[in-house]
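The values are calculated or read from the model by the stated rules, or taken from the named source; none is laboratory data. Worth saying up front: this structure is predicted, and the values here are computed from it rather than measured. Backbone-built Cβ (ideal geometry, glycine too); neighbour counts: all protein chains shown. Ligands, DNA and RNA are excluded from the accessible area calculation, which covers all protein heavy atoms including side chains. Shrake-Rupley method; radii C 1.70, N 1.55, O 1.52, S 1.80 Å.
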Amino acid sequence: MSKINRDDIDKLYDYGIHIPTKTLITVGDSDEDVAENLMKGLHVLDTIRPDEPLTIKLNNCGGDEYHGMGVYDSIRACKSRVIIIGVGNIHSMGSVMFQAGDERIMTPNAKQLIHYGTPLHADPDMHAKSQWSWTEECKKFSVWMEQMYLEKIHEKHPEFKLKKLQELLNFDKVLSAQESVDLGLADKILEQK
């Protein structure tokens, strides 16, 4: 293997990859560039010492469902145990990606936002039948999201009802770190010095 030079180190820094600690840092939304960098970083870190966990520091304000699901599926496919530390915003699609971790940790001041999405690719100039197709696609995603959240919540609260979750998702519901842990959408709060 050739020696790593300064340009390689700078590229890894640009992608938010820290090889010695198997950490991937991401800031932004789940749209194309951030999702692409996250998936590339996951691939790199998952091939290094796969018996050791990898950590994602996630600060994500949401974004496109398809890019977010690409990240979600990539996290779930990792051979390494994945620890996700939510920092700042864990909003919308960011919250969905956060649930993919084997361990979900929030910093004390992080906020998680859960809600139903809007119809994908909504465009007032789009033909009505196309709009209907995208609305149906959004409904399918909403059903998947409900089930995913419900599975996580049921680990802590087996009696929690779908109807109650739907009420939470109907409008933007902002959860503190402690509320996220209490509900079952995070495992713990990061201890600080």
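Listing for the model above:
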{"read-out": "Selection from the stretch 153-171 of residues that are over 21 Å from the mean Cα position of the chain (by Cα) and open to solvent by 100 Å² or more (accessible area, probe 1.4 Å)", "value": "Glu159, Lys161, Lys163, Lys164, Glu167"}
{"read-out": "Tally of residues being of a type in the set (A, V, I, L, M) and either assigned to a loop (DSSP other than H, G, I, E, B) or within 16 Å of Glu103 (Cβ to Cβ) (or both) across the stretch 153-193", "value": "6"}
{"read-out": "Cβ pairs under 7 Å, 6+ apart, first in the stretch 27-53 and touching a residue at least 24 places away in the same chain (Cβ under 8 Å) and hydroxyl-bearing (Ser, Thr, Tyr), second surrounded by fewer than 19 Cβ atoms within 10 Å (Cβ to Cβ) and in a loop (DSSP other than H, G, I, E, B)", "value": "Ser30/Asp64"}
{"read-out": "Index of the failed condition, Asp73 passing every other in (1) part of a helix (DSSP H, G or I); (2) surrounded by fewer than 19 Cβ atoms within 10 Å (Cβ to Cβ); (3) in contact with a strand residue (DSSP E or B) (Cβ under 6 Å, 6 or more places away or on another chain)", "value": "(3)"}
{"read-out": "Subset of the stretch 154-193 (residues that are of a type in the set (Asp, Glu) and under 16 Å from Ser92 (Cβ atoms))", "value": "Asp172"}
{"read-out": "Some residue of the stretch 13-31 being open to solvent by 90 Å² or more (accessible area, probe 1.4 Å), modelled with pLDDT under 80 and within 14 Å of the chain's Cα centre (by Cα)", "value": "yes"}
{"read-out": "Subset of the stretch 172-193 [farther than 23 Å from Asp64 by Cα and open to solvent by less than 20 Å² (accessible area, probe 1.4 Å)]", "value": "Ala177, Val181, Gly184"}
{"read-out": "In the stretch 52-70, residue farthest from Gln178 (Cα to Cα) [restricted to those that are within 11 Å of the chain's Cα centre (by Cα) and open to solvent by 30 Å² or more (accessible area, probe 1.4 Å)]", "value": "His67"}
{"read-out": "In the stretch 108-152, the residues that are in a loop (DSSP other than H, G, I, E, B), under 24 Å from Ile84 (Cα atoms) and open to solvent by 20 Å² or more (accessible area, probe 1.4 Å)", "value": "Pro108, Asn109, His115, Tyr116, Gly117"}
{"read-out": "Filter result (aromatic (Phe, Trp, Tyr) and either farther than 18 Å from Met69 by Cβ or over 23 Å from the mean Cα position of the chain (by Cα) (or both)) within the stretch 128-143", "value": "Trp132"}
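The rows are residues; the columns are (1) under 28 Å from Lys57 (Cα atoms); (2) touching a Cys at 6+ places or on another chain (Cβ under 7 Å); (3) modelled with pLDDT under 95.
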| residue | (1), (2), (3) |
| --- | --- |
| Thr135 | no, no, yes |
| Lys152 | yes, no, no |
| Phe160 | no, no, no |
| Leu169 | yes, no, no |
| Leu185 | yes, no, no |
